[in-house]
Ligand SMILES: [Mn+2]
């Protein structure tokens, strides 16, 4: 029995509102969902497990119809899904009473229910959210029944406001696999046994890193899983070190190089840290054209010119310190790291001097 485990697709989300790529991201979230269904068909997996937050908010009827159509294209795969805290079953939700395709099981009860797939010798357990928050630890104490074969729990939450989970207890509860959703960062909590698939596509700028789905197989009583990177893009956090030698143009070029190296289609949050010459200004607003830059922060502190200081201090302790450690320009031991180390040393000495 082979399965794909996805979670937190957040159909209907519009990431980074106001940014030029925002609408495109909204479409990419839908596209990746369509792609993962095609992948399920291509791979001929037996189950597609969706561990909550398929929709970002209450879905529209037309959205349900589109999703149902995509599910209907699966010739072999059984879909099992549940509502999470974002798409919880509101009293007016069109999810209530929707006629799903035959190959779709919607675990729409507020209490744990199970569905047994005879051909697959597999039972899937789960329930849906009926409110935005659930504070009770509803997964604690759940156990699979005694039917033979594979037992999978679909679960959503794990923080204090969304069904707190005692992970040790859940891992020991007897399920062969616990397919988790809600936390957007993919993480294998217990190898081949309990995992957050993570958001299929990153939904907001805190969702840094790789995103995708989990491909699993159950054979001879053993689960085997693999994370498959699948998202169109990533949010990347960069931290660039500025030195007293850095200039605005040089920084621009470095950012352009970093973006090229890390993927031009990714979305960036950039901090410029370290020291800069007091008269150098990083015109960060003009950097935005260099790529998909969501945030750019100049966190540098104005530093001082080592050459100037050397002249100023002559033969006092700071002057002699500089003399001793300043690498010869272009010499063998000259490097940005050395110069930065020297600058830190001088800064420390100046601080001490002030205190004296
Ligand atoms: Mn959630």
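No value in this document is a laboratory result; all are computed from the given coordinates. Because the structure is predicted, anything quoted here is derived from the model rather than measured. Don't worry about glycine lacking a Cβ; one is built from the backbone with ideal geometry, like all the others, and counts go over all protein chains shown.
Below are the figures for this structure:
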quantity: Crossing angle, helix 248-262 versus the chain [Cα axis fit, 0-90 degrees, rounded to tens]; calculated: 30
quantity: Förster radius 56 Å - calculated FRET efficiency between residue 147 and residue 271 (Cβ-Cβ, nearest 0.05); calculated: 0.55
quantity: Contact order relative to length of region 2-229, as percent, for alpha carbon pairs under 8 angstrom and 6 or more apart; calculated: 21
quantity: Fraction of beta bridges assigned by DSSP in the chain that are antiparallel (%, nearest 5); calculated: 35
quantity: Span from the region 118-179 Cα centroid across to the region 5-44 one, whole angstrom; calculated: 25
quantity: Separation of alpha-carbon centers, region 53-99 and region 221-267, rounded to whole Å; calculated: 34
quantity: Residues of region 100-124 with amide N under 18 Å of a point placed 7 Å along Cα→Cβ from residue 61; calculated: 100-101
quantity: Helix-only [θ]222 nm of the chain, DSSP H runs n ≥ 4, -39500 (n - 2.57) each, per residue, nearest 500; calculated: -8000 deg cm²/dmol
quantity: Choice from 177, 130, 69 with maximal GNM fluctuation in the chain (Cα, 10 Å cutoff); calculated: 69
quantity: Extension gain from residue 187 to residue 34, taking 0.36 nm per residue of separation minus the Cα-Cα distance; calculated: 52.8 nm
quantity: Spin-label model distance (nm) - residue 115 vs residue 299, 7 Å beyond Cα toward Cβ; calculated: 4.7
quantity: Cα long-axis angle, helix 336-355 against the chain (0 to 90 degrees, to the nearest 10); calculated: 70
quantity: Between helix 61-72 and the chain: long-axis angle, C-alpha atoms, 0 to 90°, nearest 10; calculated: 80
quantity: Rg/Rh (Cα only; Kirkwood hydrodynamic radius) as it applies to the chain; calculated: 1.16
